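These notes concern the structure reproduced below.
The values are calculated or read from the model by the stated rules, or taken from the named source; none is laboratory data. This is a predicted model, so every value here is computed, not measured. Cβ coordinates were reconstructed from backbone atoms using ideal geometry, including for glycine residues, and neighbour counts include every protein chain displayed. All accessible areas refer to the heavy atoms of the entire protein, side chains included, with ligands and DNA or RNA removed. Shrake-Rupley method; radii C 1.70, N 1.55, O 1.52, S 1.80 Å.
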Amino acid sequence: MLDSLYEKIYVTFIYQDRYLFFLNGLKVTLQLTLASFILGTAVGVLLCAASRSSHAWMRKAARLLVSLFTEIPTMMLLMIFVYIIFGYSMLPVLWIVAFGLTLKAGAYLSAIFGSSLDTVEGGEVEAARTLGMTRWQAFRYVALPQTVTAALPLYKNQFIMSMQETSVVGYLAVVDLTRAASIVQSRTLDAFFGLITVTLIYFLIGAVAKSIFRILSGRMGGAEA
């Protein structure tokens, strides 16, 4: 039994350096997750600001984009970018996929930021203004801390969602973790060790991310106190 177990592990990870598939897949997954989440945060802030603009056309455009990117399935959105919008460009597929995932994350984050802003009572901002604060100071010292506190739990969940959504990019010839497991499975005809390994890696990434956000949340709470 031990010999059979060792043989399967050897064939899955060691033979022909197949562990490199998983390492390279992990690198791509992390790149896509971090890029789409960090850049998506910037996109989310811009869309949230535009949706609250004094210009009606800007509000409508922002809300349309948010609805568009949140309601279209991720796989379909990426296929449109790769095969239609950027179908004749010379851009690497990885960049195009990262761009699509960024817009997807940005749309979700815009909704998160908007709902978190709505938790701030307008009277508090107005009170800060009457005390002599500028509009920016009232936002910086009154609205922003409350918004961040309200948004952080959903913001953390969006990171996990962004990581999970990278698992579909293998269908577009991008070798991420999920695609790496599929490639190894096709060569070994045994899915067990590859899928278990990838599942554990996803779990560990999520656990580490939650721990980091928990620490940040604790520090913010201490700072506010």
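If you average the sequence gap of Cα pairs under 8 Å that are 6 or more apart and divide by the length of the chain, what percent do you get for the contact order?
RCO, the chain: 28 percent.
Which percent of the accessible heavy-atom area of the range 1-84 goes to carbon and sulfur, probe 1.4 angstrom? Taking all protein chains in place, the range 1-84 shows 71 percent carbon and sulfur surface. Projected label points at Lys8 and Leu200, each 7 Å from Cα along the beta carbon direction, are separated by 1.3 nanometres.
Accessible surface calculations at 1.4 Å, restricted to protein heavy atoms, place the chain at 60 Å² per residue.
With both labels modelled 7 Å from their Cα along Cα-to-Cβ, the Gln137 to Met90 distance reads 5.3 nm. Where the accessible area of the range 122-225 is counted over protein heavy atoms with a 1.4 Å probe, how much of it, in %, is carbon and sulfur? In the range 122-225, the share of accessible area belonging to carbon and sulfur is 65 percent. Taken along the Cα-to-beta-carbon direction at a fixed 7 Å, the label points for Ser53 and Asn157 span 2.9 nm.
In straight-distance terms, cross-link reach from Lys156 covers every one of the lysines whose alpha-carbon lies under 17 Å from its own, apart from those fewer than eight places away in the same chain; here that gives Lys104, Lys210. Gain on full extension, evaluated as 0.36 nm per residue between Ser211 and Glu124 minus their Cα-Cα distance, stands at 28.1 nm. If you sort Val148, Val169, Val28 by accessible surface, 1.4 Å probe, largest first, the order is Val148, Val28, Val169. Spherically averaged projected area of the convex hull of Cα atoms, the range 66-110: 2.8 nm².
Along its three principal directions, the equivalent ellipsoid of the chain from the Cα gyration tensor extends over semi-axes of 42, 23, 11 Å, largest first. Against the criterion of solvent-accessible heavy-atom surface with a 1.4 angstrom probe, Thr33, Thr199 sort, most first, into Thr199, Thr33.
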